[in-house]
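Right, one structure below, let's go through it.
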There are 2 protein chains.
Amino acid sequence: MDISFSVTASSESPTRTVVKARNFEMIVDEPPSLGGDDKGANPVEYVLAALAGCLNVVGNLVAKEMGIKIDSIQMDISGDLNPAKFQGKSDAERAGYKKIRVAMKVKSDAGEETLVKWKKAVEARCPVSDNIANPTPVEITLSKM
Amino acid sequence: MDISFSVTASSESPTRTVVKARNFEMIVDEPPSLGGDDKGANPVEYVLAALAGCLNVVGNLVAKEMGIKIDSIQMDISGDLNPAKFQGKSDAERAGYKKIRVAMKVKSDAGEETLVKWKKAVEARCPVSDNIANPTPVEITLSKM
């Protein structure tokens, strides 16, 4: 059976958005270099945070199934994008990240070979990496207030 | 020229991840129904927050270019996913959101027709909707601590 997730969001400035998910509030903004007031991480940093959180949850779940112990997961996650498209300067390259790199360090009793299998399963089963790596329809409907 | 974004992330529990992006800290967790301690929004809610923040930034940028005034943007964003794959119960459906729906309410002096054009440009130019709607390689490298 499907699970639904939802948020409500409200523009507080041309760059700042306050997002509510259940009992949590998230502030998304842009740094001054991108025209914002720097009151929170920016949208594409939130994408990387989502991926980190997902890899941890699924990583621990898969480890439990495989009977391996994971004491800690550390991740450095990065991506590059060309701002020309979102800034309206050029359509030559895509708007978003061209690629996302995750350097994962794992403290575990498992051997290399087991961890490679673990990683494959984690990648395949992580909802966020699925939504990033594979096409996901985004349907926007618009109405005037 | 490309811009790079990066975060560092650390597992604080099997479900909780602390993510640092520049001077910001984000806590990602799961609700008790998904095995967590509910200390923050969950990974797939972070994806929706990222999309909301991006649509606001790009929405205001495009409006400025088109010479229209936007006083407020409100969004209800939701998505459904089947947890069977990430829980290791079935591979029949994908792990992530099947579709993401954005219901956007805009307070603006612009007419309907102009706003439809505006929406099209925003969708095409938003980095986060690009990364969700279109394939983006996620490259994970693994090392032991």
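The table below lists the values:
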| quantity | calculated |
| --- | --- |
| Label 7 Å beyond Cα on the Cβ vector: B:ARG22 copy-to-copy distances, nm | 2.9 |
| Contact order normalised by residue count of region A:21-77, Cα under 8 Å, 6+ apart, percent | 21 percent |
| Label-zone membership for region B:23-54, site A:LYS64, 7 angstrom Cα→C-beta point, backbone N under 18 Å | B:28-40, B:42-44 |
| Modelled FRET efficiency - R0 35 Å, B:ASP109 with B:SER13, Cβ distances, 0.05 increments | 0.10 |
| Shielding score for A:30-37, defined as the mean number of other chain Cβ atoms within 10 Å | 2 |
| Per-selection metrics, region A:1-40 (Cα): Rg and Dmax in Å | 12.7, 44 |
| Chain A: angle of helix A:43-66 to the longest principal axis, Cα-based, in degrees nearest 10 | 20 degrees |
| 7 Å along Cα→Cβ, label-point gaps from B:LYS89 to other copies, nm, shortest first | 4.9 |
| Net charge dipole size for chain A [Lys, Arg +1 and Asp, Glu -1 on Cβ; Debye, nearest 20] | 200 debye |
| Order of B:MET104, B:MET66, A:MET1 - criterion: other Cβ atoms within 10 Å of each residue's Cβ, fewest first | A:MET1, B:MET66, B:MET104 |
| For A:PRO137, net neighbour charge (Lys/Arg +1, Asp/Glu -1) across residues whose Cβ lies under 11 Å away | +2 |
| Relative contact order of chain A, defined on C-alpha pairs under 8 angstrom at six or more residues apart (%) | 16 percent |
| Tilt relative to chain A, helix A:112-125 - C-alpha long axis, 0 to 90 degrees, to 10 | 40 degrees |
| Net charge over other residues, Cβ less than 12 angstrom from the Cβ of A:CYS126 (K, R count +1; D, E count -1) | +3 |
| Distance violations [Cα-Cα > 28 Å] among A:LYS89/B:LYS107; A:LYS105/B:LYS39; B:LYS99/B:LYS119; A:LYS39/A:LYS64; A:LYS39/A:LYS107; A:LYS99/B:LYS107 | A:LYS39/A:LYS64; A:LYS39/A:LYS107; A:LYS99/B:LYS107 |
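Rule-based calculations on the coordinates, nothing more; no lab input. Owing to the predicted nature of the structure, the values given are computational and were not obtained by experimental measurement. We place every Cβ from the backbone using ideal geometry, glycine too, and count neighbours over all the protein chains shown.
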